[in-house]
1. Among 340-352, 223-235, 312-324, how do they line up from the highest to the lowest mean number of other beta-carbon atoms within 10 Å?
2. Please report the accessible area of Thr27 (heavy atoms, 1.4 Å probe, ligands and nucleic acids excluded) in Å², nearest 10.
3. To the nearest 10 square angstrom, what accessible area does Lys41 show with a 1.4 Å probe?
4. Could you sort Val139, Val49 by accessible area so the largest value comes first, with the probe set to 1.4 Å?
5. Given the options Trp324, Asn342, Met352, identify the residue whose Cα lies farthest towards the positive end of the charge dipole of region 252-374 (+1 on Cβ of Lys, Arg; -1 on Cβ of Asp, Glu).
6. Specify the residue with the greatest mean-square fluctuation among Arg258, Arg202, Arg118, computed from a Gaussian network of the chain linking alpha-carbon atoms under 10 Å apart.
7. If R₀ is 56 angstrom, what is the calculated FRET efficiency for the pair Arg309 and Lys41, using the beta carbon separation as r and rounding to 0.05?
8. Going by amide H atoms built from the backbone, whose H comes under 5 Å of the H on Thr119, apart from near neighbours?
Amino acid sequence: MIPYGRQDISAGDIEAVAKVLRSDYLTTGPEVESFESELTKWTGGASTVAVSSGTAALHAAYYAAGITAGDEIITPPITFIATQSTAALLGAKIIFADVQKDTGNIDPIEVRKKISLRTKAVVAVDYAGHPADLDELRVICDEFGLILIEDSAHSLGSIYKGKYVGSIADITTFSFFPTKNITTGEGGAVTSIHQEILDRARYFSRQGLVREKEKQIIKDEGPWHQEVHNFGLNYRLSDVMAALGASQLKRLNNFKSRRKEIFNFYEQELREIEEINLPTCRNYVDPVWHLFPISVDPVKRRAIFENLRQKGIGVQVNYIPAHWHPVFKGVPARGSLPVAENFYRSEISLPMSAALSDDEIIEVSIKLKEAIHDAK
Ligand SMILES: *Cc1c(COP(=O)(O)O)cnc(C)c1O
């Protein structure tokens with residue numbers, strides 16, 4: 001099976017991990033700090049907190065944004081459910097805005113229609129690695145005093161109008177799951193252009209423990225003392241995994257160019273197939289491609305998908321519209337976000353990862369053509 005995504009682990013990555021295993025610290029040692037500082041080179045300088053998953057990053061980001069019960073956040077339906085679940089667990093009401101037909105990203109025109117007096121934040125997801133329309137979203141957020149949050153689980157290293165994602169939204173989150181642009185096994189990060197927001201995310205993911213003497217309220221308890229001002233969770237990334245992350249980051253430039261090569265190779269191989277649409281790349285972005293999403297006739301999508309799986313091509317569908325999950329109990333109703341729903345109905349993600357070989361791309365392309373032919 002050629003998987004839709006897979007990690008690329010080098011001998012250097014393994015050595016970096018082994019070195020930590022032989023050291024004194026498996027967690028809360030020096031590796032996390034150096035991973036965090038290396039990450040800032042890929043976030044346009046915005047400071048970063050490493051955490052234990054992309055889901056943890058979103059939870060910490062929403063907490064740091066001050067999302068609480070009764071607040072509304074506006075989100076796109078074409079995403080992994082963690083974009084919504086972590087805010088819902090803080091008591092937020094999830095509002096959906098439809099997406100753009102070509103990118104699958106949240107549509108700023110639709111966002112504007114969903115704003116109410118309770119709206120607290122707008123959340124963009126950089127679907128497939130292609131940054132959302134951040135400038136247009138920023139104008140809306142500034143006009144209504146909203147926080148702009150970017151779920152960049154797909155897009156570490158992507159560039160929007162000359163700037164790295166991470167340096168544009170108020171808060172940006174990343175995931176280092178094995179299929180993502182770099183991996184730490186499980187892992188994630190929160191980045192913010194506002195130091196006080198980042199500090200809140202850091203305390204939240206470190207049990208809320210205040211260790212700095214000058215910030216402590218209980219004075220002179222003793223040298224062992226640490227205290228909690230706000231509850232937090234244990235969302236730390238271990239030093240073992242941070243070392244893998246730092247080693248992977250050194251290769252992110254190579255990953256980015258390989259993913260771009262694969263994107264172009266697929267385009268060249270699949271261009272002449274009339275029955276499919278290829279992903280769009282707007283001229284003001286430079287993505288790290290996490291997915292290669294194509295669209296096919298929705299009536300034939302399932303047959304093509306099953307045929308490809310039978311032929312050993314590990315295609316995937318990203319994503320079922322989030323509001324269709326039973327947890328939302330039918331609100332908003334099916335049919336109310338037509339662009340996203342049609343996007344989903346015709347979508348298939350072809351294998352995409354830095355570890356994909358040219359021969360595999362050719363094999364995927366041939367089998368896709370066969371599957372489309374068989375579905376006629
Ligand atoms: C992967 C992903 C997440 C969650 O990241 P984990 O590291 O798996 O917890 C959140 N949002 C999106 C869009 C993702 O693709």
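The values are calculated or read from the model by the stated rules, or taken from the named source; none is laboratory data. Quick caveat, the model's predicted, so the values are computed rather than measured. Note that we place each Cβ from the backbone using ideal geometry, even for glycine, and neighbour counts take in every protein chain shown. Surface areas here come from the heavy atoms of the whole protein model, side chains and all, with no ligands, DNA or RNA. Shrake-Rupley method; radii C 1.70, N 1.55, O 1.52, S 1.80 Å.
1. Numbers: 340-352: 22.1, 223-235: 12.5, 312-324: 19.5.
Taking the mean over residues of other Cβ atoms within 10 Å, the ranking is 340-352, 312-324, 223-235.
2. 60
3. So the heavy atoms of Lys41 present about 130 Å² to solvent.
4. On the way: Val139 85, Val49 0 Å².
From most accessible down to least: Val139, Val49.
5. Projecting each Cα onto the dipole axis, the largest value belongs to Trp324.
6. Checking each option, the largest mean-square fluctuation is seen for Arg118.
7. Values: r = 39 Å, r/R0 = 0.69.
That gives a FRET efficiency of 0.90.
8. The list, which skips near neighbours in sequence, is Glu72.
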